Amino acid sequence: MLVTLLSALAYHMTAPLVTVDHAPASYSARAGAFGAHVTGRVRMGTTALRYRIGDGEWRPLEPRPPRVTLPEFTLEMLADELVAGHNRVELEAHGWLGVKESRSFAFDYDPAPPALPLVVDWADVAELDVQDGFFEHVPGHPDRVRPVPGHEGWDRIIAASGAFEGGRRVSLDLVFRKPMEGRRSWGFGLFPLWGGQPDPDDRRARAGWRFSLLWYFNLTGGFGCSFSEKQGDGSAQFIATYRNIELEADRTYRLLTETVPVLDGDGRHLAWRQRCKWWPADEPEPEVWSEAIDEMGAPLPPLAYGVALVAFRSQVEFGAVRIEPMNSEIRVD
């Protein structure tokens with residue numbers, strides 16, 4: 001026992017203070033609260049973490065449960081903090097006995113919206129654009145990605161595209177493996193509109209969210225088509241429609257969403273409308289859609305949004321993502 005304790009102490013006194021899991025060399029377009037992120041973990045004995053973008057001011061980087069809990073960290077850079085082309089961010093960790101460790105990351109930023117249609121084949125994506133958590137290509141299946149086993153938790157989010165305006169049709173296959181042990185609630189799915197984590201307090205890590213969603217949620221026993229927004233630590237607004245399904249582990253499912261802005265006759269934004277399908281990939285596509293419209297409970301602003309995938313306390317493998325443009329809907333009445 002004493003030898004084990006001494007070995008653990010020696011490790012924590014000599015190991016790096018910071019392990020960086022995701023720091024891509026390039027980021028696609030960001031907008032609003034949808035940022036470019038660096039994710040990783042700190043070891044025991046790390047007493048403070050801070051960062052700066054370019055030659056800007058140093059800012060503290062703190063946990064924000066339940067979204068970001070120790071030993072994890074998420075370093076967030078918003079679009080208005082980046083410049084087109086070359087950028088740099090520095091990360092500095094402080095530990096016991098005055099130990100200090102610095103990291104510097106250079107990356108390119110492209111503010112141009114992605115060209116559609118777009119097919120994201122994960123086998124062609126060397127560096128994963130992770131919003132929160134720790135992801136990997138599935139061993140033996142490089143065309144799929146998943147949260148690294150043992151690192152499941154609160155929303156594990158990976159971006160499939162940069163931010164762009166307007167309607168979109170999004171489809172993908174996924175395989176559910178298992179829920180995180182010891183958790184009452186869990187789920188997984190797709191953000192057709194991913195607007196990041198808005199927070200009026202400008203803290204990092206931020207605590208809000210803004211999205212449209214198609215996901216399976218175990219407490220409802222089915223898949224939901226929904227919209228939701230929360231500002232920082234405030235109350236969440238949401239509207240959702242759920243349809244029951246018999247979920248089976250290790251089976252491939254097909255997800256399909258169509259999300260469009262609803263405009264009046266003069267082109268003014270009125271609402272977002274989303275319709276969704278979820279079915280076993282080895283069965284015919286169902287004719288019936290589930291549908292939600294955000295004006296019924298969680299109106300989202302007419303911004304540019306990304307597309308992202310989410311695993312909430314669950315182990316899921318996500319396949320290629322297809323994103324196609326869709327025209328706005330006009331409400332003539």
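The values are calculated or read from the model by the stated rules, or taken from the named source; none is laboratory data. Just so you know, these numbers come straight off a predicted model, no measurement behind them. Cβ coordinates were reconstructed from backbone atoms using ideal geometry, including for glycine residues, and neighbour counts include every protein chain displayed. For accessibility, only protein heavy atoms count, side chains too; no ligands or nucleic acids. Shrake-Rupley method; radii C 1.70, N 1.55, O 1.52, S 1.80 Å.
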Seminar exercise, completed: Note: probe point = Cα of MET44 + 7 Å toward Cβ; backbone nitrogen < 16 Å; residues of segment 52-72 passing the test are 70-72
Problem set entry | Descending semi-axes in whole angstrom, ellipsoid equivalent of segment 23-161, from the Cα gyration tensor | 26, 21, 13
For this session: Please list, in chain and number order, the residues 5+ apart from ALA160 or on another chain whose amide H is under 5 Å from its amide H, with Hs placed from the backbone.
Result: VAL307, ALA308, LEU309
Problem set entry | Solvent accessible area, Å² - ASP199, 1.4 Å probe, full protein context | 20 Å²
Seminar exercise, completed: Taking Rh as the Kirkwood radius computed over alpha-carbon pairs of the chain and applying Stokes-Einstein at 25 °C with viscosity 0.890 mPa s, one gets a diffusion coefficient in µm² s⁻¹ of 118 µm²/s
Seminar exercise, completed: Helix 2-14 sits off the longest principal axis of the Cα atoms of the chain, rounded to the nearest 10 on a 0 to 90 degree scale, by 80 degrees
Seminar exercise, completed: Ranking HIS22, HIS94 from most to least accessible area with a 1.4 Å probe gives HIS94, HIS22
Seminar exercise, completed: Using a 1.4 Å probe on heavy atoms of the protein chains only, the accessible area for PHE238 in Å², nearest 10, reads 140 Å²
For this session: Using amide H atoms built 1.01 Å from N in the peptide plane, name the residues 5+ places from VAL316, or on other chains, whose amide H lies under 5 Å from its own.
Result: ARG177
Problem set entry | Residues with amide H under 5 Å from that of GLU136, placed H, sequence gap 5 or more | ARG146, VAL148
Seminar exercise, completed: For ASP173 the rounded accessible area (nearest 10 Å², probe 1.4 Å, non-protein molecules ignored) is 50 Å²
Exercise. So how do 202-210, 30-38 stack up, highest first, on mean other-Cβ count within 10 Å?
Worked result: 30-38, 202-210
Problem set entry | Accessible area in the full protein assembly, largest first, 1.4 Å probe, for MET77, MET326, MET44 | MET44, MET326, MET77
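Where does the chain land at 222 nm, in deg cm²/dmol rounded to the nearest 500, when only DSSP H runs of n ≥ 4 count, each adding -39500 (n - 2.57), divided by all residues? Walk me through the intermediate numbers first.
Details: 1 runs with 13 residues, N = 333.
That calculation yields -1000 deg cm²/dmol at 222 nm.
Roughly speaking, what is the stretch gain from ASP55 to VAL148, that is 0.36 nm per residue apart minus the C-alpha to C-alpha distance, in nm to one decimal?
Details: separation 93, 0.36 × 93 = 33.48 nm, distance 3.36 nm.
Roughly 30.1 nm would be gained on extension.
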Problem set entry | Quarter of Cα convex hull surface for segment 175-214, i.e. mean projection, nm² | 4.3 nm²
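May I ask you to derive the FRET efficiency for VAL332 and TRP279 from their Cβ-Cβ distance with R0 = 22 Å, giving the value to the nearest 0.05? Display every interim value, and only then the final one.
Working: r = 33 Å, r/R0 = 1.49.
E between VAL332 and TRP279, to the nearest 0.05, is 0.10.
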Exercise. For labels at GLU324 and ALA106 in the simple 7 Å Cα→Cβ model, what's the distance in nm?
Worked result: 4.1 nm
Seminar exercise, completed: With segment 163-289 reduced to its Cα atoms and the Debye formula applied, log10 I(q)/I(0) at q = 0.18, 0.19 1/Å amounts to -1.09, -1.17
Exercise. Taking the simple approach of a point 7 Å from Cα along Cα-to-Cβ for both ASP121 and GLU246, what is their distance in nm?
Worked result: 3.6 nm
Problem set entry | Partner aspartates and glutamates for LYS277 [C-alpha distance under 18 Å; skip if fewer than 8 residues away on the same chain] | ASP173, GLU246, GLU248, GLU258, GLU285, GLU287, GLU291, ASP294, GLU324
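Rounded, prolate or oblate for segment 133-208? Axes are the square roots of the Cα gyration tensor eigenvalues, ordered a ≥ b ≥ c, and the cut-off for rounded is a/c under 1.5. Intermediate results must be reported in sequence, preceding the final value.
Details: a/c = 1.90, a/b = 1.20, b/c = 1.58.
Oblate shape, in that a/c is at least 1.5 and b/c is the bigger or equal ratio.
How much length, in nm to one decimal, is gained on full extension between VAL99 and HIS269, taken as 0.36 nm per residue of separation minus their Cα-Cα distance? It would help to have the intermediate numbers written out before the result.
Details: separation 170, 0.36 × 170 = 61.20 nm, distance 5.32 nm.
The VAL99-HIS269 span can extend by a further 55.9 nm.
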Exercise. Sorting MET296, MET180 by accessible area (1.4 Å probe), largest first, what list results?
Worked result: MET296, MET180
Seminar exercise, completed: Karplus-derived 3J(HN,Hα) from phi for segment 293-304 (6.51 cos²θ - 1.76 cosθ + 1.60, θ = phi - 60°), whole Hz, x at Gly and Pro, runs 10, 5, 5, 7, x, 8, x, 9, x, x, 9, 7
